[in-house]
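Report on the structure given below.
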Amino acid sequence: MTRARLYVLLDAFERDIRSNLVRYVVSEIGEEQALGESYSRADEKRSREGVNGSGASIADYLDMREGYDLLNINRRFLPSEYADEVRTQTLSLDRLVSIRNRVMHARPLLAGDSDAAVSLLLQFQARNWPELKRMLGQLRADPSWEPLVTAVDDGGFALHNLPLPDYDETGLVGRAKEVSELTGLIKRGREPVLTITGEGGIGKTALAIAVAYEIVDDASRPFDAVLWTSLKHEKLTAGGVVNIAGAARDITGAALPLGAALDAGFEGSIRDLASALEGLDVLVVVDNLETVGGAEFTTLYEQLPDSVSYLITSRIGVGQYERRFPLAPLSKKDSLRLFNDFVRARHIQGLDRISSEARVQVVTRLRNSPLGIRWFALAVEAGNDPVQLIRHQDQLLEFCVRSVYESLEASAREVLSALSILGRSVRVDEFIVLLERSMDYINVGLQELVRGSLVRREGSSSGDLVLQP
């Protein structure tokens, strides 16, 4: 289920909470007594939204947790059956509130959020929750309906300009351990530059977004601001690779969103950005750095204040400044979960009926790549033949490697071409004979290919080289 559909479902439940509170409790003891300590907070929220007087009930400005807690406190005013349900379902509310906050406050969704929310809401008896019943019926009747809603960012503990992730339909699958580890490294603060490295489509951007939101919402306030910029200028769709309009093409262009997060009218240079960040503890997140390379990052790094830390995603890395955080492909189990959840969320006919064995073959042929799995499913949804897509992954492979290939030095291109033509593992001494090049020349090329995740070694660090699958 998409974020928008989850939003209206949770909103319907909240409206039932508030209307039942007014119907059974406020009507008996009055609004101020019924709301208790929540009265002033809700009244302040109503005033901030420019609503005064008797135009709207203050109870309408309670959130899910506040409203439900007030129903529990005042169960003596509720019909006995309803009071029993409110009491027995209290334990379910903790997880439901967490999901609600992620959905409505523009935070990344976790794997399983959608299924968990629906399962928990179905435990509430329909006759006590008319708006919830109506919305469940509407969503079932029209699986393609996408409500027009806007999640409101609650700000967190740090200023930020983070984008919403593009994995709302499934949540972030299989990366909980990596999110925890990388968040810990950033908060420890020993390395000013952390780079998430790995092959194209493996989920580096998704991980960076999830970690950045963890930092924003950290009550210990490790940073005053978390600022995002991206050098991604292409995206892969079911129809192929398309350019992103207005995308930054160099590090100077990438600096503009960083300054604009502090001042909407910012149009200055990197030096101007440095002045704006002076005295602030800031985490700068740079996505897809491989499209411009490490030399341009050096310009940014050397001009911004020492109080700035960096989280980068790149297939290649930036060199001497960084500590690398290599990202491995998803496990087979997590790849299958992503495939199943995505197909179910989008109701993709054809893929929802294939056997378990066929699903394993699909995710294996797609190299357990999150991008590959989504691309394949969307392309099938658009009417493409799944067998041909698996056999001919040209669009996917081009998107994943082109930006890196175009930046390779001549030695790396020669080694890569030899590997591609031979189609087998190759020893280092074979390259010397095949290419008629020196050991130093071959090693320079090999090191660049390994850094770019285009080749991997079999066995020891001095073992044979094979093309990255």
Return the residues of the range 165-202 that are under 19 Å from VAL284 (Cβ atoms), in a loop (DSSP other than H, G, I, E, B) and either out of contact with any helix residue (DSSP H, G or I) (no Cβ under 6 Å at 6 or more places or on another chain) or at pLDDT 95 or above (or both); say none if nothing qualifies.
GLY189, ARG190, GLU191, PRO192
How many residues does the range 307-339 contain that are exposed (fewer than 14 other Cβ atoms within 10 Å of the Cβ) and within 26 Å of LEU280 (Cα to Cα)?
2
All positions within the range 340-384 that are part of a loop (DSSP other than H, G, I, E, B), buried (at least 20 other Cβ atoms within 10 Å of the Cβ) and of a type in the set (A, V, I, L, M, F, W, C)
LEU366
Taking the residues in the range 301-333 that are over 18 Å from the mean Cα position of the chain (by Cα), of a type in the set (A, V, I, L, M, F, W, C) and at pLDDT 90 or above as candidates, determine which candidate is nearest to VAL363 (Cα to Cα).
VAL308
Name the residue that is surrounded by the fewest Cβ atoms within 10 Å (Cβ to Cβ), counting only residues in the range 208-256 that are among the β-branched types (Val, Ile, Thr) and over 20 Å from the mean Cα position of the chain (by Cα).
VAL242
Please go through the range 254-277 and give me each residue that is over 24 Å from THR291 (Cα atoms) and either touching a His at 6+ places or on another chain (Cβ under 8 Å) or among the polar types (S, T, N, Q) (or both), ordered by number.
SER275
For VAL97, are the conditions met, namely being in contact with a strand residue (DSSP E or B) (Cβ under 8 Å, 6 or more places away or on another chain) and free of Cβ contacts under 8 Å to residues at least 40 places away in the same chain?
no
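Give the residue that is farthest from LEU10 (Cα to Cα), with candidates limited to residues of the range 100-133 that are assigned to a helix (DSSP H, G or I) and of a type in the set (Lys, Arg).
ARG127
Provide a single number: the residues in the range 413-443 that are loosely packed, with under 11 Cβ neighbours inside 10 Å and part of a helix (DSSP H, G or I).
5
The values are calculated or read from the model by the stated rules, or taken from the named source; none is laboratory data. What you are looking at is a predicted structure, and each value in this text was computed from that prediction instead of being measured. Methodologically, a virtual Cβ is constructed for each residue, glycine included, from the backbone with ideal geometry; neighbour enumeration extends over all protein chains shown.
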